1. Tally the residues that are among the hydrophobic types (A, V, I, L, M, F, W, C) and either open to solvent by 20 Å² or more (accessible area, probe 1.4 Å) or not in a helix (DSSP H, G or I) (or both), restricting the search to region 424-444.
2. List the number of the failed condition for TYR388; all other conditions in (1) within 8 Å of ligand 1 (Cβ to nearest atom); (2) closer than 19 Å to ALA431 by Cβ hold.
3. Among the residues of region 249-276, which ones are closer than 20 Å to THR355 by Cβ and more than 16 Å from ligand 2 (Cβ to nearest atom)?
4. Among residues belonging to region 322-341 that are away from ligand 1 (no atom under 15 Å from the Cβ) and surrounded by fewer than 16 Cβ atoms within 10 Å (Cβ to Cβ), point out the one that is nearest to the chain's Cα centre (by Cα).
5. Inside region 1-54, can you point out the residues that are of a type in the set (S, T, N, Q), within 26 Å of ALA159 (Cβ to Cβ) and open to solvent by 10 Å² or more (accessible area, probe 1.4 Å)?
6. Just to be sure before I move on: is PHE480 of a type in the set (A, V, I, L, M, F, W, C), away from ligand 1 (no atom under 16 Å from the Cβ) and open to solvent by 30 Å² or more (accessible area, probe 1.4 Å) in the structure I sent?
7. Out of region 34-67, which residues are in a helix (DSSP H, G or I), within 25 Å of GLY251 (Cα to Cα) and small (Gly, Ala, Ser)?
8. Looking at HIS74 and the list (1) open to solvent by 50 Å² or more (accessible area, probe 1.4 Å); (2) assigned to a loop (DSSP other than H, G, I, E, B); (3) over 21 Å from PHE463 (Cα atoms), which single condition is not satisfied?
Amino acid sequence: MPEPIGVLMAASEVSPLAQTGGLAEVAGSLPRALTESGLPTAVIMPGYRQALAKGQYTDLGLDLSIPMGAEIVHAKLLLGRLDELTPIYLVQCDPFFDRDSLYGQESGQYIDNPERFAFFSKVAVEACDYLNPKPDVLMANDWQTGLTMPYLVEKGPEAPKGLFVIHNQGFLGLAPFSAAKEIGLPLSYLNVDGLEYYGQFSYLKAGIVYSKLVVTVSPTYALEIQTPEGGHGLDGVLRLYNHKLHGILNGVNYSRWNPKTDPYIAANYDADDPSGKEICKLELKKEAGLSPSDRPLFSMVSRLTAQKGLSLLIEAAADLFKLGIDLVILGSGDAWFEERLTEIQTLYPERMRLTLGYDAPLSHKIMAASDFVLVPSIYEPCGLIQLYALGYGAIPVVRAIGGLNDTIRDFAGANPEGLWDNGFKFSQFQAGALVRAVRRATELYEGRDDFKTMMVSNMREDFSWNKSALSYAKLIRSLFD
Ligand code: ADP
Ligand code: GLC
């Protein structure tokens, strides 16, 4: 028997150790599914203060000396476990990672992010030489780990093969030309065919150009990023490399997102007995101080950034409330959106509750309580929240783009014979289009039987990671054919 192909997943956030968005959920769940599909997978992440505080680790006693410009910066490798099957390595370097947050604070991103993530990428590549067994594939995610791909090429043919995953094309990972010393690659990598991006460097571009394979997190997004609207200036590069570009949908970690076992919600339930969902709704409305009516409860759990379509929600708010909905929003992000949403809440105090901040238990309670979940994004590479919503019987109302388009089927009427559609979609990024989709959703809610049928049928859908892992495994194996 040949040795199985081993994978090292490098990610800048990994749930539950450190998280700002969906990338962490992927990096925290896919490795186990890959191992179960026959490719033993370990994870490497920065040794953030938050991650060190959450786990138990053994110092491997290695001192990796990494040249960063004129200086040598030292890294230690700590070993812990992400789950029963998955080793996780933390790169400890306190000057870079012992900070209040992962990427920056309200005043902006940390100014030395280009150095921090060049350093992490170098360590991830160097660490491969010390791991036993040595990984055959390095799987990197988003701009923070984009530089691993040219570093692997620079190391030569004995290095692991590089697979680069794009979770969000909107984050280009830009660095000024003055970062060239810290990046430390020969000049031949730094021109327009390599890292150069309109007078700067792009770490995302580095990942695309120098990897053996590029995956993004849905088939539709794989097409969208090749267009000027979706490419953020790299659509030409993606068209050039589209022979190695693939779209694979994310999955759901049903051990964390399951209303039958969820420890955070007021009553557990499942498709066979969904009665607990009503209790969850009543309880959340009570906690949120919303009036106890029988209105449909809509929600949004999201980073509050332009990507997530909040401008549409803000523009449409008055018309949405006219349709007779209640609205719960949990999110944090841009101050401008936080202020506008706060203003709307003061106009509809009994109908809307906004919670600012990152609150994982509350996000579960909201999924369990909601009748509908809104995802009106400008672009959405995959989107996880609509998948969690399906499992919790909250019907998604989404814009028909990216992964939202690939996972949600627009309701075209009752379907007693076959597979039910699972949500509502609208195409144009216009307030009127959102309002029309919400109106159709509220009409379904009023005709109770069809609403319940869709809800229960959604709860039975299966987006488990093992399907996605099989697609990744097939691609990875193709590198060794
Ligand atoms: P993105 O990665 O673009 O933010 P996804 O839908 O892929 O979008 O993933 C977002 C994840 O982050 C979901 O698991 C969602 O529940 C979680 N999330 C986002 N904002 C918050 C918040 N304020 N509190 C708790 N969880 C949040
Ligand atoms: C990104 C995307 C989101 C995706 C997540 C995980 O942050 O915005 O759509 O689900 O990564 O891949």
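The values are calculated or read from the model by the stated rules, or taken from the named source; none is laboratory data. None of the values given here were measured: they were computed from a predicted structure. Positions of Cβ are generated from backbone atoms using ideal geometry, with glycine treated the same way; all protein chains shown enter the neighbour counts. Heavy atoms of the whole protein, side chains included, go into the accessibility calculation; ligands, DNA and RNA do not. Shrake-Rupley method; radii C 1.70, N 1.55, O 1.52, S 1.80 Å.
1. 3
2. Unmet condition: (2).
3. ASP262, PRO263, TYR264, ILE265, ALA266
4. Taking the candidates together, the pick is TRP336.
5. THR35, SER37
6. Criteria met by PHE480.
7. Hit for region 34-67 is ALA51, nothing else.
8. (2)
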